[in-house]
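Notes follow the structure.
The values are calculated or read from the model by the stated rules, or taken from the named source; none is laboratory data. Every value quoted in this text rests on a predicted model; they were computed, and no experiment measured them. Cβ sites come from the backbone with ideal geometry, for glycine too, and all protein chains shown count toward neighbours.
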């Protein structure tokens with residue numbers, strides 16, 4: 001049976017392990033710092049899924065208001081351990097996010113998924129999400145400077 005609870009900074013080693021499983025290696029100390037920073041943000045939702053006393057998944061969502069859409073919630077990250085996929089953990093995490101979004105009167109719940117993660121695409125479609133667009137993502141590393 002899968003249970004959900006708020007993520008704690010002490011969950012950082014397990015969360016870091018799950019992050020690494022999808023190709024984003026992270027040190028537990030860095031994940032603990034990020035969890036602490038996000039806990040200080042009222043617009044962040046941080047959950048873990050547990051099975052048999054072990055963390056088998058996590059989700060980070062963020063509520064925001066945009067000029068174009070209004071209030072929305074975006075799933076910023078969702079990982080379920082390879083051996084626990086199709087156990088209901090992902091569904092439970094997304095359902096909790098949808099309830100959280102409804103409590104905030106969000107007009108929409110959005111999730112982005114890398115084009116290579118076809119299993120994720122099928123998962124979100126099965127949950128009632130629709131493919132709304134394909135886009136290019138640009139990134140500029142380093143510190144942002146104000147001129």
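Some observations on this one:
- Test: residue in region 31-44 that is touching a residue at least 24 places away in the same chain (Cβ under 8 Å) and closer than 22 Å to residue 125 by Cα: no
- Residues within region 12-49 that are under 16 Å from residue 75 (Cβ atoms), at pLDDT below 95 and out of contact with any helix residue (DSSP H, G or I) (no Cβ under 9 Å at 6 or more places or on another chain), tallied: 3
- Flag if residue 57 is surrounded by 13 or more Cβ atoms within 10 Å (Cβ to Cβ) and touching a residue at least 24 places away in the same chain (Cβ under 8 Å): yes
- Residues that are assigned to a loop (DSSP other than H, G, I, E, B) and closer than 21 Å to residue 99 by Cβ, drawn from region 8-48: 8, 41, 42, 43
- Tally of residues being at negative phi and more than 16 Å from the chain's Cα centre (by Cα) across region 42-81: 8
- Flag for residue 134 being out of contact with any strand residue (DSSP E or B) (no Cβ under 6 Å at 6 or more places or on another chain), loosely packed, with under 11 Cβ neighbours inside 10 Å and either touching a residue at least 40 places away in the same chain (Cβ under 8 Å) or farther than 19 Å from residue 24 by Cα (or both): yes
- Residue in region 101-114 that is within 22 Å of residue 1 (Cα to Cα) and either at pLDDT 95 or above or in a helix (DSSP H, G or I) (or both) present: no
- Of the residues making up region 81-100, those that are without any contact (Cβ under 8 Å) to a residue 60 or more places away in the chain and outside any helix (DSSP H, G or I) are 85, 86.
- The set of residues from region 62-80 being outside any strand (DSSP E or B) and surrounded by 12 or more Cβ atoms within 10 Å (Cβ to Cβ) comprises just one member, 69.
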